[in-house]
Amino acid sequence: FLALSTPARVDAATGRCPQWEPLFKKFGLPVKTFSKIAFRESRCNEKSVSAVRKSTGYPDVGLVQIQGSWRTVTYRVCKLKPNQSHIRALTKPTCNLAVARYLYDNGGLGHWKGSSK
């Protein structure tokens, strides 16, 4: 998949990440909404890692900034082995969006504060 290995394109005029929209669709996520979430959260950068949150001890990670505190979910959804880093796995768009899909199915857009519909 070429978009995964090329620098992120940002559409500041629309506040979207058009290069990731086919992947949002593949994961069954509302495309326009998650494109805007990815723009707002990571500026379309799948490798984005925030500062560590004092409240959880983990950063927010990846394209749609999944909280690193979702460790157990990430291990299960992304089928990680015990010695694999869940933080590193969340920088991979397929794992990030698989966890996003799980969260979306279990709580909707509430996991992304201020989400635009």
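The values are calculated or read from the model by the stated rules, or taken from the named source; none is laboratory data. These numbers come from a predicted model, not from an experiment. We place every Cβ from the backbone using ideal geometry, glycine too, and count neighbours over all the protein chains shown. Note: areas computed on protein heavy atoms with side chains; ligands, DNA, RNA excluded. Shrake-Rupley method; radii C 1.70, N 1.55, O 1.52, S 1.80 Å.
Numbers at a glance
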{"read-out": "Principal-axis tilt of helix 31-42 within the chain, Cα atoms, nearest 10 degrees", "value": "70"}
{"read-out": "Shape metrics for the chain, restricted to C-alpha atoms - Rg then Dmax, Å", "value": "13.2, 42"}
{"read-out": "Residue-normalised accessible area of the chain, expressed per residue, 1.4 Å probe, Å²", "value": "56"}
{"read-out": "Neighbourhood charge, 13 Å Cβ-Cβ cut-off, centred on Lys92 and excluding it, Lys, Arg +1 and Asp, Glu -1", "value": "+2"}
{"read-out": "Tilt relative to the chain, helix 93-105 - C-alpha long axis, 0 to 90 degrees, to 10", "value": "90"}
{"read-out": "Portion, in percent, of the accessible area of the range 62-117 that falls on carbon or sulfur, probe 1.4 Å", "value": "50"}
{"read-out": "Cβ crowding within 10 Å averaged over residues, with 45-52, 95-102 ranked highest first", "value": "95-102, 45-52"}
{"read-out": "All lysines inside 21 Å of Lys92 as judged from Cα atoms, apart from same-chain residues fewer than 8 positions distant", "value": "Lys25, Lys26, Lys32, Lys36, Lys47, Lys79, Lys81"}
